[in-house]
1. Could you list all residues from region 180-198 that are farther than 15 Å from Leu106 by Cβ and open to solvent by less than 70 Å² (accessible area, probe 1.4 Å)?
2. Determine whether region 141-160 contains at least one residue that is open to solvent by less than 40 Å² (accessible area, probe 1.4 Å) and acidic (Asp, Glu).
3. Of all the residues that make up region 54-74, how many are of a type in the set (D, E, K, R) and part of a strand (DSSP E or B)?
4. Answer with yes or no whether Thr77 is in contact with a Lys or Arg (Cβ under 8 Å, 6 or more places away or on another chain), part of a strand (DSSP E or B) and open to solvent by less than 60 Å² (accessible area, probe 1.4 Å).
5. Among the numbered conditions (1) open to solvent by 60 Å² or more (accessible area, probe 1.4 Å); (2) under 18 Å from the mean Cα position of the chain (by Cα); (3) over 30 Å from Pro63 (Cβ atoms); (4) not polar (S, T, N, Q), tell me where Leu232 comes up short.
6. Test Glu48 against the stated conditions and say whether it is in contact with a Leu (Cβ under 7 Å, 6 or more places away or on another chain) and either in a loop (DSSP other than H, G, I, E, B) or modelled with pLDDT under 95 (or both).
7. Quick check: anything in region 102-120 open to solvent by 10 Å² or more (accessible area, probe 1.4 Å) and polar (S, T, N, Q)?
8. So, in region 57-93, exactly how many residues are of a type in the set (Ser, Thr, Tyr) and free of Cβ contacts under 8 Å to residues at least 60 places away in the same chain?
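The values are calculated or read from the model by the stated rules, or taken from the named source; none is laboratory data. Just so it is clear, the structure is predicted and the values come from calculations on it, not from any experiment. Cβ coordinates were reconstructed from backbone atoms using ideal geometry, including for glycine residues, and neighbour counts include every protein chain displayed. Quick note on the areas: whole protein, heavy atoms, side chains included, nothing else; ligands and nucleic acids left out. Shrake-Rupley method; radii C 1.70, N 1.55, O 1.52, S 1.80 Å.
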Amino acid sequence: MNILRKMFSRKWVLTTLLAFAGTAICIRLGIWQLDRLEQRRAFNHQVESMRAAELLDLNSEVPEDIASMEWRAVTITGNYDFENQVALRNQYNAGLYGFHIITPLLFDGGAVLVDRGWIPAESDSPPAEWRMYDEDEQVTVTGQIRLGHGKPAFGGVADALPVDGSKLNVWNNLDVEKISTQMPYPILNVYIQPNADVGDTVPPIPFQPTIELTEGSHFGYALQWFTFATILFVGYPFFLQKQDD
């Protein structure tokens, strides 16, 4: 019997469709891994190119395309606005639960949010208690430009502003765009993550994420999925030939 006729015979048509569907799924997963590989390469390039750029002094210049400069080293001198600071919940330091305190820094060119770092959770940590971490009137912050983020694609809880128009003090995500809507003045569409000192144990304790500039296992996973697709697509007809009608 012709193999194609056998594949689409009443006895084997469902199995054939499942084999084709499995092949298509494996190919799609392989393409997805290649997409992830390109995203990883783009991320690595962004980090490496920004780290190679010279230190950006925001007191001298605020580039219009600053949102494209994530991970670039930056410095700024200004005054913190402690009245309008907020906190980011679910943050840990040495296994201890707490918050990251996010404070606007006012300077001649405007205002920008600064992730000043981890503070312990004192009861519900209302804004009045955060004032114990107030700093000198004028400060110089050196760190990296970071982009804000809303709810992650998987997991996490989205932030919703109170319907009565009151201020949201504690956030699930460092969503610069949303936080800016409750500020009494415009702020930049990025935030600053100050450099961390491993010996710093006095809150607020700055934090810098560890970044591995590798391509990961995406290419290997893509090859695996394409191999599975080939086995299904090529191997299935050979399997079928050996089956009795």
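1. Those that are farther than 15 Å from Leu106 by Cβ and open to solvent by less than 70 Å² (accessible area, probe 1.4 Å): Gln182, Val190, Gln193, Pro194, Ala196.
2. Taking every residue of region 141-160 in turn, at least one turns out to be open to solvent by less than 40 Å² (accessible area, probe 1.4 Å) and acidic (Asp, Glu).
3. 1
4. No, not satisfied.
5. Going through the list (1) open to solvent by 60 Å² or more (accessible area, probe 1.4 Å); (2) under 18 Å from the mean Cα position of the chain (by Cα); (3) over 30 Å from Pro63 (Cβ atoms); (4) not polar (S, T, N, Q), Leu232 breaks only (2).
6. yes
7. Looking for residues that are open to solvent by 10 Å² or more (accessible area, probe 1.4 Å) and polar (S, T, N, Q), one finds none in region 102-120, hence no.
8. Matching residues across region 57-93 total 4.
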